[in-house]
Amino acid sequence: MALKAPEYLSPSSITTFEQCPLKFKYTRIDGIREPPTDATLLGNFVHDILEKMYLADPGSRSTNLAREVARDLWDNQYRDQVSKVVAEKKLNDFRWRAWFCVENLFQLESPETRNFDGVEFELNTSLDGILVRGFVDRYHLDDGKIVIGDYKTGKVPNAFFVKDKFFQLMTYAALFRASGVGETKRLELIFLKGPQVFTREVTDWELEETVQRIKNVSEGIKIRCESESFETNKTRLCDWCYFKSKCPAWSKK
Ligand code: SF4
């Protein structure tokens, strides 16, 4: 009996499949949840602070407000979660690293002057018959066209690797078009650690290339579900893979 392919894809599941089909199977078909890490918790904490700050009245968006929001999220949600992953004596360091990202945003822009048309905006649309979902950190309209912004809390990448980092946002642009919300003119990757912002204009050609890439992945998943065979792909990225200890590619014979 063939395996059942997931009902929908997301930019991260697409890149997981491209990185390693077996890892995709573990997470999206077998439903094994990867436990949170220091990096994922830091990203979630910072994203939540910025989301709440940008949902507040523009005139109130100060570092004081951000600090209050951060304290509230920490006390009511993140302290417990982070304590399970980060040693007690490193908790303050974790909070400082998160705060450093938030403060850096204030270096990049004045939050009280920004107006967004969507914050943590959900997209859930079919691209050529493939259901794709994603959450846009923020977007606004500029001359009637969409500008998509996405926060990153990882380290600023080498320029050589930046192009592929735009895949997620290019997918959102394709979803905005397919769902009829509008055309996207620019993508912004906001690396808060730098801080540094990478921007990219959106062309029809790149949107078509993105949709084709998604179709290839969807087809690849279908073939492997039918054969019930998802191969491993042993690379340097395996060192960060949660499944390494059970992975056949790394089992000692
Ligand atoms: S350890 Fe490497 S080969 Fe194995 S599942 Fe993870 S990414 Fe794939």
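Every read-out reported here was derived from the displayed coordinates using simple, explicitly stated rules and does not represent laboratory data. Source: prediction; values computed, not measured. Note that we place each Cβ from the backbone using ideal geometry, even for glycine, and neighbour counts take in every protein chain shown.
Quick notes on this one:
- Using the Karplus relation 6.51 cos²θ - 1.76 cosθ + 1.60 with θ = phi - 60°, the per-residue 3J(HN,Hα) values for the range 137-144 come to 4, 6, 8, 9, 9, 10, 6, x Hz, with x marking Gly and Pro.
- Between Leu91 and Glu209, the contour length at 0.36 nm per residue exceeds the alpha carbon distance by 38.2 nm.
- Separation of the range 153-219 and the range 35-50, taken as the distance between their Cα centroids, equals 21 angstrom.
- The alpha carbons of the range 38-113 stretch over 38, 22, 18 Å along the principal axes, in descending order.
- Eligible aspartates and glutamates near Lys25 by straight Cα distance, threshold 17 Å, same-chain separation 8 or greater: Glu7, Glu34, Glu219, Glu226, Glu228, Glu231
- In percent, rounded to a whole number, the relative contact order of the range 28-128 is 41, using alpha-carbon pairs under 8 Å and six or more apart.
- Gyration tensor verdict on the range 150-244 (Cα atoms; rounded if a/c is under 1.5, prolate if a/b is larger than b/c, oblate otherwise): oblate
- 22 Å Cα-Cα threshold exceeded, pairs from Lys90/Lys234; Lys163/Lys185; Lys89/Lys244; Lys52/Lys84; Lys89/Lys165: Lys90/Lys234; Lys89/Lys244; Lys52/Lys84; Lys89/Lys165
- 19 Å tail of the calculated P(r), the range 32-189, as % of Cα pairs: 60 percent
- About its Cα centre, the chain has a charge dipole of approximately 1260 debye under the convention of +1 per Lys or Arg Cβ and -1 per Asp or Glu Cβ, with nothing else charged.
- Computed packing ranks the peptides 37-43, 13-19, 227-233 as 13-19, 37-43, 227-233, most packed first, by mean other Cβ atoms within 10 Å.
- Computed [θ] at 222 nm, deg cm²/dmol, the chain (DSSP H ≥ 4; -39,500 (n - 2.57); rounded to nearest 500): -13500 deg cm²/dmol
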